[in-house]
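Here the structure comes first, spelled out in structure tokens, and everything after it is commentary.
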């Protein structure tokens, strides 16, 4: 079944966007990446398959196994995910509802945790899936307000390291407590800890003691654009 996946993937392309280039543009991939998948040289992530289910109503079960129909209507959006394995070579699959997850866009921008990173593009390049219950009950935020970006630099170490992926709540643009925020300074994004002090001014701090703190007076706060508060981060284990 697996060697038929590229053919089924091409079927989805032909019956949605009609061309690999348009499909790549519409799903946050490059044409080269889409071509590799069609030729069996690469495999899409589960998060990417979920995004196809959301965008086009693709039946991920059919795409992976050939079972069922290529597309589902809104009432039948059921996807498959890898469950626990009984052996290293055997993979079991369990049905879950797409409604159990929300997809958060990952942007092609970097928040510097050093001296700044110029914004090159705000294009969505991927999506990551998060459990809806976790977002609603643990993070207590609206999924539509979330964005994922990557951190550059070391000024927030050891809390946040270079290359970490941070989840930003774009609705939290007012400093109500000592926390880490993403700021826009001209054309630069920075991730820093903000603290409001008694006279109404803000202190911009780095967790790395090698970096000096900055104070923004109350009368200059209008020039400080807060993009959102960092509420979660992910890290690759090396």
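Annotations for the structure displayed:
- Contact annotation: no residue pair with Cβ atoms under 6 Å, 6 or more positions apart or on different chains, pairs a residue in segment 23-45 that is assigned by TED's automatic domain parsing to the domain that holds residue 124 with a partner that is at pLDDT 85 or above and assigned to a helix (DSSP H, G or I).
- Residue within segment 110-118 that is part of a loop (DSSP other than H, G, I, E, B) and modelled with pLDDT of 80 or more present: no
- Of all the numbered requirements in (1) modelled with pLDDT of 85 or more; (2) crowded, with 18+ Cβ neighbours inside 10 Å; (3) more than 30 Å from residue 191 (Cα to Cα), residue 36 misses one, and that requirement is (2).
- In segment 206-219, the residues that are surrounded by 11 or more Cβ atoms within 10 Å (Cβ to Cβ) and outside any strand (DSSP E or B): 206, 207, 208, 211, 213, 218
To keep it simple, each residue is scored yes or no on (1) surrounded by 17 or more Cβ atoms within 10 Å (Cβ to Cβ); (2) in contact with a helix residue (DSSP H, G or I) (Cβ under 8 Å, 6 or more places away or on another chain); (3) more than 18 Å from residue 140 (Cα to Cα).
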| position | (1), (2), (3) |
| --- | --- |
| 158 | no, no, yes |
| 162 | no, no, yes |
| 185 | no, no, yes |
| 204 | yes, no, yes |
| 221 | no, no, yes |
| 228 | yes, yes, no |
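- Residue check, residue 175 surrounded by 15 or more Cβ atoms within 10 Å (Cβ to Cβ), in a loop (DSSP other than H, G, I, E, B) and touching a strand residue (DSSP E or B) at 6+ places or on another chain (Cβ under 7 Å): yes
- Restricting 139, 221 to residues that are within 18 Å of the chain's Cα centre (by Cα) and farther than 17 Å from residue 109 by Cα narrows the list to 139.
- Residue within segment 191-200 that is in contact with a helix residue (DSSP H, G or I) (Cβ under 9 Å, 6 or more places away or on another chain), surrounded by 19 or more Cβ atoms within 10 Å (Cβ to Cβ) and not in a loop (DSSP other than H, G, I, E, B) present: no
- Selection from segment 140-185 of residues that are within 18 Å of residue 101 (Cα to Cα) and in contact (Cβ under 8 Å) with a residue 12 or more places away in the chain: 141, 142, 143, 145, 146, 147, 148, 167, 168, 169
- Applying the set (1) in contact (Cβ under 8 Å) with a residue 24 or more places away in the chain; (2) part of a helix (DSSP H, G or I); (3) closer than 25 Å to residue 104 by Cβ to residue 10 leaves exactly one unmet item: (3).
The values are calculated or read from the model by the stated rules, or taken from the named source; none is laboratory data. Predicted, not measured: the structure shown is a model, and the values here were computed from it. Cβ: placed from backbone, ideal geometry, glycine included. Neighbour counts: every protein chain shown.
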